[in-house]
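All remarks here apply to the structure that follows.
The values are calculated or read from the model by the stated rules, or taken from the named source; none is laboratory data. Since the structure is predicted, the reported quantities are computational estimates derived from the model, not experimental observations. Here the Cβ positions follow ideal geometry from the backbone for every residue, glycine too, while neighbour counts run over all protein chains shown. Protein only, heavy atoms only, side chains kept; ligands, DNA and RNA dropped before computing areas. Shrake-Rupley method; radii C 1.70, N 1.55, O 1.52, S 1.80 Å.
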Amino acid sequence: MQQKLKILHVQLLPLLSGVQRVSLNEIAHLKSDFDYSLVCASEGPLTEALTAINIPCYSIPQFCRELSVSKDLSALSALFKLMRQKKFDVVHTHSSKTGVLGRIAAKCAGVPKVIHTVHGFAFPAATSKKSYYLYFFLEWFAKFFTDELIVLNEKDREIAINKLGYAKKLVHIIANGVDVDKFVPNIIGRSPEKIKIIMVGRLWPQKDPKTLFNAIKRLLDDNINVSVTYVGDGELMHELKGLAQGYTENISFLGWKDNISELLPQHNLFVLPSLWEGMPLAILEAMSCGLPCLVTNIPGNNDLVKDGYNGFLFEVADHEKLSFLIKKYYQNPDMLLQHAENARTFVQENFTLEARNDAVSKIYKS
């Protein structure tokens, strides 16, 4: 019997946000084909889910999002030792800085194939020249330790080739996929009496959850029957809860949940006001559950949401346009229902989990 390839996924946080769920979905569906392991900063919902299906998980506490020479060098050393000891055939990294450290460690440890998935380049959305050039340099430098690069949309493919200098043959567009048999609509065809919005994602600046709050506050002040549920946690949670005082009947915060497939169908509209993305799994899961999506007009988002078909686009931080679009659905329930049907069909025809995993599997084996 041919021995299974040993594959290590490198993630930063042990959460179950979109980036982590991509790895979880892959591992759960392909664990009979490959010998998987995962390494991240600590234990959490992701490691618990993987441990439940007998996937080894390792922790490197020195992993952190901010730049820290001492912690980063310590994390690099720990990764190197783990990879040399376990002799992985493939290392598949995720996230920006963690992806850089993981790729350097893997190459230094002699891992035969090093793959990185770009879940949206950070440097194009940098708010200062210093941040732009720092993130750009890190991505450019990591190129020399990368055998295959997976991007989620055409815009990021162009950036990888034209700005970072990757060879075209090394860059693969593989869209995220969703389990359409798990993420299913509740009821399509019933006119809503209330617009129930859900946002799934980390509550931090990149997701810009405050733009959604500002839009909802405007609608509630105008007596529009609307509510919003935030699913996720992060450094903006405390601030948002403070802002929501006085609106607690209409704005709720659930923290991280592992029953997203049950929560989504309880709502009828999904919003994601991100500053940058790769290809948000959260959008695909929402559409698979028959939710039209209101999302920012950025690469990744606008690859999925076709304006006026399965949702609408609005510009970054434009809470006035967002509130207008929500109100538009409120006043046109037939349009909401038609977009709901279109959203479900769009995912079924283009973004199944099987198609995504088949494409990744071929890269592992090539």
Counting Lys and Arg as +1 and Asp and Glu as -1 over every other residue whose Cβ sits under 13 Å from the Cβ of Val100, the net charge comes to +3
Gap in Å between the Cα centre of the range 319-366 and the Cα centre of the range 26-98?
30
Pseudo-spin-label distance Asp181 to Lys31, built 7 Å along Cα→Cβ, given in nm, is 1.7
Straight-line reach only, C-alpha to C-alpha below 14 angstrom: list the aspartates and glutamates that Lys107 could link to, leaving out same-chain residues fewer than 8 apart.
Asp89, Asp147, Glu148
Within a Cβ distance under 14 Å of Val226, other residues only, what is the Lys/Arg minus Asp/Glu net charge?
+2
Give me the one-decimal nm value for the distance between modelled label points at Leu243 and Lys168, 7 Å along each residue's Cα-to-Cβ direction.
4.4
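Quick check on my link table: of Lys87/Lys168; Lys6/Lys169; Lys169/Lys207; Lys182/Lys321, which ones sit more than 26 Å apart, alpha carbon to alpha carbon?
Table pairs above 26 Å Cα-Cα are Lys87/Lys168; Lys169/Lys207; Lys182/Lys321.
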So Asp222 and Ala359, fully extended at 0.36 nm per residue minus their Cα-Cα distance, gain in nm 44.5 nm
R0 = 30 Å: FRET efficiency of Trp204 with Gln3, Cβ-based, nearest 0.05?
0.15
Which Cα, out of Cys40, Leu76, Tyr133, lies furthest along the positive dipole direction of the range 20-169 (beta carbon charges, K/R +1, D/E -1)?
Tyr133
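Per the 1.4 Å probe, what fraction of the accessible area of the chain, in percent, lies on carbon and sulfur atoms?
That fraction is 50 percent.
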Taking one equal scatterer on every alpha-carbon of the chain, how large is log10 of I(q)/I(0) by Debye at q = 0.14 1/Å?
-1.18
For the range 93-219: accessible area per residue (Å², 1.4 Å):
43
Report the local net charge at Phe346: Lys and Arg +1, Asp and Glu -1, summed over other residues whose C-beta lies under 14 Å from its C-beta.
-3
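Can you tell me the FRET efficiency between Lys86 and Thr127 if r is taken as the Cβ-Cβ distance and R0 is 45 Å, rounded to the nearest 0.05? All intermediate terms of the calculation are to be shown ahead of the outcome.
Values: r = 39 Å, r/R0 = 0.86.
Taking R0 as 45 Å, the efficiency between Lys86 and Thr127 is 0.70.
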Compute the length gained on full extension between Phe141 and Asn54: take 0.36 nm times their separation in residues and subtract their Cα-Cα distance, giving the result in nm to one decimal.
27.8 nm
The chain: most fluctuating residue of Asn153, Asn259, Asn162 per GNM, C-alpha cutoff 10 Å:
Asn259
Gyration tensor verdict on the range 54-145 (Cα atoms; rounded if a/c is under 1.5, prolate if a/b is larger than b/c, oblate otherwise):
prolate
Once Glu235 and Thr345 are pulled to full extension, the length gained, defined as 0.36 nm per residue separation minus their Cα-Cα distance, is 36.1 nm
Cα pair distances exceeding 22 angstrom across the range 269-366, given as percent
30
Rank-order 335-343, 195-203 by packing density, defined as the average count of other C-beta atoms within 10 Å over each peptide's residues, highest first.
195-203, 335-343
